[in-house]
Structures are given as C-alpha cells and as structure tokens.
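Visitor: Pasting in a structure now, in structure tokens, and then I'll have a few things to ask.
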Protein chains: 2
Amino acid sequence: MQGKKRRIAILAEGFFGDLEAKTASGLIMYKPEEVVAILDSTKARKSVQEIVGFGGDIPIVGNLSDSLKYGPNALLIGITPRGGKLPSEWREVIKEALKNGLDVISGLHDMLNEDSELSMLALLKGAKIYDLRESKKYNKVARGDPALIKAKVILTVGTDCKTGKMITSIEMARQAKKYGWNSHFVATGQSGIIIAGEGVPIDSVKGDFMSGAIEEFLIEKSKSYDLLSVEGQGSIIHPGYSGVSLALIHGCLPDALVLCHYPEREKIKNYEVKIPPLTELVKLHEQNAKPIKPSRVIGISLNTQKLTKTAAKKQIQKTEEETGLPTVDPVRFGCEKLILALQFLKR
Amino acid sequence: MQGKKRRIAILAEGFFGDLEAKTASGLIMYKPEEVVAILDSTKARKSVQEIVGFGGDIPIVGNLSDSLKYGPNALLIGITPRGGKLPSEWREVIKEALKNGLDVISGLHDMLNEDSELSMLALLKGAKIYDLRESKKYNKVARGDPALIKAKVILTVGTDCKTGKMITSIEMARQAKKYGWNSHFVATGQSGIIIAGEGVPIDSVKGDFMSGAIEEFLIEKSKSYDLLSVEGQGSIIHPGYSGVSLALIHGCLPDALVLCHYPEREKIKNYEVKIPPLTELVKLHEQNAKPIKPSRVIGISLNTQKLTKTAAKKQIQKTEEETGLPTVDPVRFGCEKLILALQFLKR
C-alpha cells in the first residue's frame with residue numbers, strides 16, 4: 001500500500017482480544033492511527049480500549065458494511081487460523097470488501113492472489129490483494145558468513161509460539177535508540193510485516209531457502225543500521241515449527257539471543273509437549289548456535305499480562321534468580337535491562 | 001511413470017562419478033536395470049563400471065542423440081546444482097529430450113512444469129515432466145503425537161550433506177528384513193524419491209509444513225510396515241539447511257537415530273564451519289530430540305569410499321572407540337551392527 005495512507009478495518013470475528021488475533025492487537029498497539037474499525041460481531045459496540053486495554057475509542061462493529069462509515073480503504077485479516085488456510089466463512093467478508101473497492105491484506109498461507117474468484121473481483125473493482133506471506137522470490141541458500149552482516153544482530157527465541165517475541169523485538173529496537181544504537185526492527189511473521197511494512201515471511205519459505213532468505217535481508221539492512229532486532233518464530237522445541245526456528249537462528253547469525261516465555265504455560269500450546277526449565281532451554285539454544293556462530297542468551301522476556309502487577313514483579317525476580325539473566329516484561333516495565341546487557345557488543 | 005517400464009538416460013554432464021551426481025549413482029546402484037545410458041561428454045565411451053565401480057556395461061555417451069540408440073523413454077536430471085536452479089546449458093538437452101518424446105524427470109527446485117516453453121513442448125510431443133520436488137500439496141502442521149505412527153522409526157542424521165544418509169537408510173531397510181522386521185525405506189530427497197518411486201521432498205516444503213509433511217507420510221506407511229527407515233537431510237549444524245534437518249527429526253518422532261559422517265571432511269562443504277567431534281554431535285542430536293520425544297543415536301555410519309580397505313577398518317574401529325557406538329560403512333561392510341543395535345525396539 002505504498003503511497004496511500006492506510007485506513008484499515010480489521011477482521012477478527014470471534015477472536016478480538018485473544019492471542020489468536022495477535023495481528024489485530026499488534027497493529028493497534030503500534031499503528032493505532034491506521035486502524036479505523038474492528039469487525040467482531042461478538043463484541044460489537046464496545047471500544048477497542050475496553051477489550052485490549054489500549055487503542056482508545058476505535059470502534060468494534062458487527063460486520064463489514066457497518067465498518068464502511070469509518071471510511072476504510074483496506075480490510076486486514078487479523079486472525080491466524082492454525083495452518084493458515086482461509087476458513088469458508090471469511091470468504092464472503094473478503095468478497096464484500098473487494099466489492100466495495102477495499103484492498104485486502106492477508107497473512108494466510110493460502111495465497112488470495114491465486115484464488116481466481118477473489119483476484120478477478122479485485123481486478124474488476126480496482127482493488128489490490130496483498131499476500132504478506134508470498135515467498136516465491138526466496139530461492140537462495142544461506143552463505144553462512146558472519147562478516148557479510150555489518151550490523152550487530154539480536155534475535156528473540158521462544159519457549160513456544162505466542163510468547164511475545166515480536167513485541168520484545170520491536171521494543172528492543174525502540175529502546176536501543178535511547179542508548180545510542182541506530183537500531184531497526186526486522187519482521188519475520190505476518191503481524192510484524194504488517195506493522196513494519198516489510199520483512200521476510202520465513203515460515204512460508206521453502207525449507208532449503210529459509211536461512212538464505214533472512215540472511216540476505218539482514219545483509220541488506222545492515223548497510224543502514226548498526227543493530228538489527230529480529231523477530232523470532234516458533235520454538236526449537238515446537239513439534240510443527242522447530243525447523244523454522246532453527247533456520248532463523250542459523251540464518252540470522254545473531255550476536256545475542258533473548259528467550260521469550262509465557263510463565264503460566266507449562267506445555268506447548270495444542271500439544272502434549274512439556275516446556276523444559278528455562279535454564280535448559282538457554283543451554284539448548286546456545287549449543288545449537290555454537291557450531292556456526294557462538295551466541296549467548298543475554299536475557300529473558302516474560303509475557304505477564306495475565307498476572308497482577310505484584311505477581312508479575314515476583315515472577316520476574318524468580319526468573320532472574322533461576323536463570324541468572326536479566327528478565328523483563330517489555331510491555332509492562334520496558335526492556336532497558338536487555339539493552340544494558342547488549343552494551344558488550346559496542347566497540 | 002506408473003505402469004510403464006522405465007528406460008532412463010541420465011544427464012550428468014561433467015559430474016558423473018562425483019558426489020554432485022549422487023542422484024545418478026544412487027539410481028545405478030539400486031535400479032541398474034532401469035538405466036540405459038549416462039550423458040557425460042567428458043567421460044564418453046567409458047563404461048559406468050569403470051567410473052563408479054558398479055553398474056556393469058551401462059554406456060556413457062556424449063550427448064542426447066547418442067543415447068537414443070539405447071531406447072530411453074525418459075531423461076533424468078542426475079545432477080543437483082546448489083540452490084536447485086536449472087542451468088541454462090541443460091535447457092537445450094531437456095528440450096531435445098522432449099522433442100524426441102522422452103519424459104523428463106527432475107529433482108530441481110525450479111519446477112519444470114511451470115516453465116511454459118518446456119511444458120508446452122511436453123504437451124505437443126505427448127511427453128510428461130515429473131517434478132520430484134513438487135510440494136504444493138503439503139499444507140498440514142505436524143500433530144506431534146508419537147502414538148499415531150504405528151511403526152518404529154529410525155532416522156539417519158548427518159554431520160553434513162552428502163555423508164551417506166540415503167544409502168545408509170536404504171541398506172538398513174534391506175538388512176532389517178533379514179532380522180525379522182517388515183521394514184521399508186522412506187525417501188525425503190530427490191535421489192531417494194527417484195529410487196523408491198515415492199517420498200516427501202522435505203526441503204521444498206514451506207517451513208511451517210515440513211514436520212507435518214513427513215509425519216503424515218509416516219502415519220500412512222506405518223499401517224503397512226513395522227520399521228520405517230527414513231532418509232535424513234542436511235545437518236543440524238549446516239548454515240543453509242539446519243532447519244530442514246531439525247524439522248525432520250521432530251516430524252519423524254524417531255525411536256532411534258544413526259549419525260552419518262564422511263571421515264576426511266573437517267568442515268561443512270562450501271562453508272567455513274568446523275564439524276565438531278562426533279561425540280558432541282551425538283549429544284546435540286539427542287538433546288534436540290528429547291523435549292518432544294527422547295531418541296538415542298544408536299550407531300555411526302561412515303562413508304569410507306576414499307580410504308583403502310585397511311584404513312577404512314581402522315577408521316571404523318577408531319570411531320567405535322571414540323563414540324562407544326557401533327560403527328559401519330554400509331556399502332563396504334554392510335550395516336548388520338546397526339540392525340543388531342535396533343533389537344531393543346522389538347517387543
């Protein structure tokens with residue numbers, strides 16, 4: 001959507017405020033001025049602020065036509081179904097949006113541009129479909145040479161999906177500026193890409209080219225910045241996504257890692273896989289990085305949103321004692337401690 | 001090529017006998033009756049036996065038209081260029097094959113079926129193009145439930161690419177039959193797939209679906225076999241391909257692993273990455289498997305082809321002393337020791 005000011009209506013039917021709608025809440029958190037309405041009939045007539053605690057008076061409406069009075073020029077699919085396929089009930093909303101001349105922005109694995117009905121409709125109405133996960137252009141094997149990336153690289157890794165990797169990476173990029181870094185956030189997932197307006201949809205890239213895709217992007221970005229804060233994906237202990245996570249570690253050639261965790265979660269979401277103690281996961285990440293480029297976990301980021309403020313502070317202290325590493329919740333208390341831990345990278 | 005007897009001419013121009021042409025030598029080793037000629041002008045008029053030490057009097061010819069007198073009905077691209085893109089000098093050979101009504105079998109990342117000139121030519125001449133790495137149909141996230149795979153699973157892993165994972169897996173599947181297993185080889189790369197006639201081209205699958213792709217295949221195959229011997233890919237310490245390797249480990253949910261190594265290789269091929277001692281790599285694999293399903297490395301497979309017989313035996317003994325694990329070269333001395341080490345899996 002280069003050149004035109006985005007006025008986005010976000011489809012989040014049934015899920016607004018949940019982790020499942022993290023694309024929606026991510027955009028509201030970082031680009032609230034671009035969001036004109038949320039579509040979720042189960043929460044219609046409430047405001048965004050009431051549901052997620054930020055976003056002010058952005059309205060929630062019951063359907064697409066109700067959103068039109070707020071003048072959107074695009075519909076963003078704000079929910080990520082498991083597997084990334086288009087649910088049939090969303091098809092009608094997308095068609096309605098296109099019929100009204102709205103662009104459609106999608107982070108699904110299904111490429112909406114390859115759907116003949118939708119692409120034809122877009123053509124007829126002069127609307128555009130943006131597939132954020134389009135990945136055909138990535139066809140290079142990683143070169144694996146740390147000298148090619150001229151900036152320092154910090155990568156978030158997770159004990160699971162949806163543990164706060166994207167937000168931690170964005171907040172670190174912001175905070176680092178105050179400490180004299182010329183820092184930049186690098187998005188690797190659909191939510192990050194819609195916020196940043198660019199990035200590498202790493203989980204949609206063919207296996208052989210994943211590391212090469214992120215490496216090439218970092219080589220290019222490192223010409224303009226001295227610290228790249230890269231959004232991690234999945235977890236190296238995730239039954240479905242571990243390959244993506246390791247490819248990112250080796251493709252980024254990071255100087256430092258930050259481990260992100262959702263404290264109440266004991267098992268990988270949707271699986272019978274126990275999350276090992278953080279100390280073990282710190283070690284496992286460092287052991288995996290080591291053969292290609294040694295990298296230390298320099299801190300822990302917790303998502304304490306479900307805890308009281310007192311409980312959150314206690315959890316952070318407990319984690320620091322357990323791991324011996326600076327621990328933050330970047331949303332509640334900032335991430336200064338992580339940036340201080342990065343100072344060793346400055347020449 | 002269901003239903004018709006394959007009579008294959010293999011394109012291996014400039015590389016026949018090298019590791020780069022492992023698709024060619026793999027097929028000659030396991031399906032020699034299907035190979036009618038090799039195309040490599042640098043070795044024309046020699047026999048296959050002279051170059052690779054097996055394959056008997058299969059002729060090597062200088063170009064496609066010279067191969068026609070041996071009556072091929074298909075041309076197999078027997079070389080794998082880095083990155084899997086079609087080199088322009090092969091294009092003419094492929095066109096010539098199609099013009100002569102030959103099918104074309106390709107393991108390239110570039111889908112020849114999507115090339116309009118080639119696909120049109122195939123249509124006109126009634127020939128077929130088989131893209132072994134076609135991967136669009138894989139769109140499921142792994143379920144991560146070991147109970148769904150009804151067979152025992154053994155996976156080869158490597159210290160690098162081209163260390164003998166495919167051959168070790170094939171030989172284990174064969175040898176296990178003699179020990180009462182109803183075993184089956186599962187291919188995950190283009191060479192394995194052309195030999196087996198089926199498999200999962202794991203390195204061409206989108207990141208999120210890699211583990212799910214192999215898992216689904218194994219669930220299905222485990223209905224007919226009690227031991228699945230799965231070909232591994234790459235290496236978890238490979239700068240370009242580590243993600244594929246870890247996705248296979250977690251998607252296969254293996255009961256046992258076999259580590260494959262090329263003894264003279266000290267660095268990852270094409271990279272400045274040192275290969276750590278085998279004992280460290282054994283540990284790293286087991287640590288990565290453990291959170292999802294514990295799995296032990298039960299043996300080592302060495303590719304000793306460049307050593308004398310005496311030196312090879314010495315190398316095997318040295319490796320056994322170093323690692324404490326049964327060590328074989330499956331091509332030279334068989335892999336019985338690995339199958340004996342698997343007996344603990346029998347109920």
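Visitor: So if I check each of B:Leu112, B:Leu102, B:Leu64, B:Leu86, which one is within 26 Å of the chain's Cα centre (by Cα) and within 14 Å of another protein chain (Cβ to nearest Cβ)?
Guide: B:Leu86
Visitor: Let me ask something else. Name every residue in region B:299-317 that is free of Cβ contacts under 8 Å to residues at least 40 places away in the same chain, touching a strand residue (DSSP E or B) at 6+ places or on another chain (Cβ under 9 Å) and of a type outside the set (Val, Ile, Thr), in order of residue number.
Guide: Listed by number, the residues that qualify are B:Ala312, B:Gln317.
Visitor: Could you tell me which of the residues B:Leu64, B:Leu19, B:Leu68 is more than 24 Å from B:Gly189 (Cβ to Cβ), out of contact with any strand residue (DSSP E or B) (no Cβ under 7 Å at 6 or more places or on another chain) and aliphatic (A, V, I, L, M)?
Guide: B:Leu68
Okay, residues lined up against (1) within 14 Å of another protein chain (Cβ to nearest Cβ); (2) assigned to a loop (DSSP other than H, G, I, E, B); (3) in contact with an Asp or Glu (Cβ under 6 Å, 6 or more places away or on another chain):
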| site | (1), (2), (3) |
| --- | --- |
| A:Leu108 | yes, yes, no |
| A:Leu124 | no, no, no |
| A:Ala127 | no, yes, yes |
| A:Tyr130 | no, no, no |
| A:Glu134 | yes, yes, no |
| A:Tyr138 | yes, yes, no |
| A:Val153 | no, no, yes |
| A:Val157 | yes, no, no |
| A:Cys161 | yes, yes, no |
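Visitor: For B:Leu218, are the conditions met, namely being aliphatic (A, V, I, L, M), within 14 Å of another protein chain (Cβ to nearest Cβ), in contact (Cβ under 8 Å) with a residue 24 or more places away in the chain and crowded, with 22+ Cβ neighbours inside 10 Å?
Guide: For B:Leu218, the condition - aliphatic (A, V, I, L, M), within 14 Å of another protein chain (Cβ to nearest Cβ), in contact (Cβ under 8 Å) with a residue 24 or more places away in the chain and crowded, with 22+ Cβ neighbours inside 10 Å - is met.
Visitor: Turning to a different aspect of this structure: Applying the selection to region A:82-106, what residues are among the charged types (D, E, K, R) and in a helix (DSSP H, G or I)?
Guide: Listed by number, the residues that qualify are A:Glu89, A:Arg91, A:Glu92, A:Lys95, A:Glu96, A:Lys99.
Visitor: What residue, among those in region B:1-37 that are in contact with a Pro (Cβ under 7 Å, 6 or more places away or on another chain) and either outside any loop (DSSP other than H, G, I, E, B) or modelled with pLDDT under 90 (or both), is surrounded by the fewest Cβ atoms within 10 Å (Cβ to Cβ)?
Guide: Here the answer is B:Val36.
Visitor: Sticking with this structure for a sec: Identify all residues within region B:301-336 that are part of a loop (DSSP other than H, G, I, E, B) and of a type in the set (Ser, Thr, Tyr); write none if there are none.
Guide: The answer is B:Thr304, B:Thr308.
Visitor: Sticking with this one: Quick check: anything in region A:183-192 modelled with pLDDT of 95 or more, within 19 Å of A:Lys136 (Cα to Cα) and within 13 Å of chain B (Cβ to nearest Cβ)?
Guide: Yes, because at least one residue in region A:183-192 is modelled with pLDDT of 95 or more, within 19 Å of A:Lys136 (Cα to Cα) and within 13 Å of chain B (Cβ to nearest Cβ).
Visitor: Same structure again: Please identify the pairs in which a residue from region A:134-152 that is closer than 23 Å to B:Lys85 by Cα has its Cβ atom under 7 Å from the Cβ atom of a residue that is surrounded by fewer than 20 Cβ atoms within 10 Å (Cβ to Cβ) and hydroxyl-bearing (Ser, Thr, Tyr), counting only partners at least 6 apart or on another chain.
Guide: A:Gly144/B:Tyr271
Visitor: Is one or more of the residues making up region A:193-215 away from chain B (no Cβ under 14 Å), at negative phi, in contact with a Ser or Thr (Cβ under 7 Å, 6 or more places away or on another chain) and buried (at least 24 other Cβ atoms within 10 Å of the Cβ)?
Guide: Yes, region A:193-215 has at least one match.
Visitor: Considering each residue of region A:300-330, count those that are modelled with pLDDT of 95 or more and within 19 Å of the chain's Cα centre (by Cα), and give that number.
Guide: 8
Visitor: Moving to a separate point now. How many residues, within region B:254-281, are in contact with a helix residue (DSSP H, G or I) (Cβ under 8 Å, 6 or more places away or on another chain), closer than 15 Å to B:Thr156 by Cβ and in a loop (DSSP other than H, G, I, E, B)?
Guide: 2
Visitor: Would you check which residues across region B:72-83 are within 14 Å of chain A (Cβ to nearest Cβ) and either touching a His at 6+ places or on another chain (Cβ under 8 Å) or closer than 17 Å to B:Leu118 by Cα (or both) and list them?
Guide: Listed by number, the list holds a single entry, B:Gly83.
Visitor: Next question, about the same structure. Inside region A:175-232, can you point out the residues that are touching a helix residue (DSSP H, G or I) at 6+ places or on another chain (Cβ under 7 Å), small (Gly, Ala, Ser) and assigned to a loop (DSSP other than H, G, I, E, B)?
Guide: Listed by number, the residues that qualify are A:Ala187, A:Gly189, A:Gly199, A:Gly232.
Visitor: A further question follows. For region B:225-282, which positions are buried (at least 24 other Cβ atoms within 10 Å of the Cβ), of a type in the set (Gly, Ala, Ser) and more than 11 Å from every other protein chain (Cβ to nearest Cβ)?
Guide: B:Ser229, B:Gly232
Visitor: Could you tell me whether region B:262-277 includes any residue that is touching a residue at least 40 places away in the same chain (Cβ under 8 Å) and among the aromatic types (Phe, Trp, Tyr)?
Guide: Yes - at least one qualifying residue is present in region B:262-277.
The values are calculated or read from the model by the stated rules, or taken from the named source; none is laboratory data. As the structure is a computational prediction, the values presented were derived from the model and not from experiment. Positions of Cβ are backbone-derived with ideal geometry, glycine not excepted, and every protein chain shown enters the neighbour counts.
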